Structures are given as C-alpha cells and as structure tokens.
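Okay, structure first, notes after.
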Amino acid sequence: MKTTRRILGFALLITMGTSLSGCAVKEPAVSKAADDRITADIRSLFAKTGYLQGGYNIQVETSDGVVQLYGLVDTELELAEVESIAHGVPGVTEVRDDISVSNFKD
C-alpha cells in the first residue's frame, strides 16, 4: 500500500512538473545587462565620432537587442553613419531611428 502511494505520488509530481514547465514565464531574448552593454558601446562609439557633442546629442535606448536612436544630424550621410555605427555593435538585432536630418551644415 505504501509502495503504491509512493509510486502514485511520484507519478503525480512528474505530471505536475511537466505540465507546469509549459507555464513558465518566457525570458527576454536579450538580458537587461546585455541591452545596457549595447547602449554603452554605441554611446562610446558616438562619443569618439562626436555624435554626442554639440548639436547632435544622439540618444540611444536598447530593448531585447533592438536599438532605438533619437536626435538630430546635419545630413543624410551622417544619418547613414550613425545607423552603421549602431548596426556594427555586437548583440544588436535591429536599429530603429527617429533621427531628424536638418540638411544644414555650418
């Protein structure tokens, strides 16, 4: 009798464990730490090229490897460069931009 209860209890635990594993909360594809690293790497590269200074002030946000850029550049060529820099950072899966082009150069 005790053996039967143990077997049934064990079977119940296995059944519950396998059915609950399907209910687990899905983890994001990219961790918050990885997103923070991507943002820091992009900001560092922008600082080296001057895109965080003067009138540029490009803002960077990252979520699940997707980079969102905000700010202002002077030309389409600069916009392409900013996007290229962001795309080149390891871990970036997509770059979206809300960067305005002023088409004005001193």
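Observations, loosely collected:
- DSSP-defined antiparallel bridges as percent of all bridges, segment 32-101, nearest 5: 40 percent
- Residues ASP98, ASP74, ASP41, sorted so that the one with the fewest Cβ neighbours within 10 Å comes first: ASP98, ASP74, ASP41
- In plain terms, the C-alpha convex hull of segment 34-103 casts an average shadow of 3.9 nm² when viewed from every direction.
- Net charge dipole size for segment 32-101 [Lys, Arg +1 and Asp, Glu -1 on Cβ; Debye, nearest 20]: 300 debye
- With a Förster radius of 25 Å applied to the beta-carbon distance between SER31 and GLU83, the computed FRET efficiency rounds to 0.55.
Bear in mind these aren't lab numbers, they're just calculated from the coordinates by the rules spelled out. Since the model is a prediction, treat every value here as computed from it, not as a measurement. Methodologically, a virtual Cβ is constructed for each residue, glycine included, from the backbone with ideal geometry; neighbour enumeration extends over all protein chains shown.
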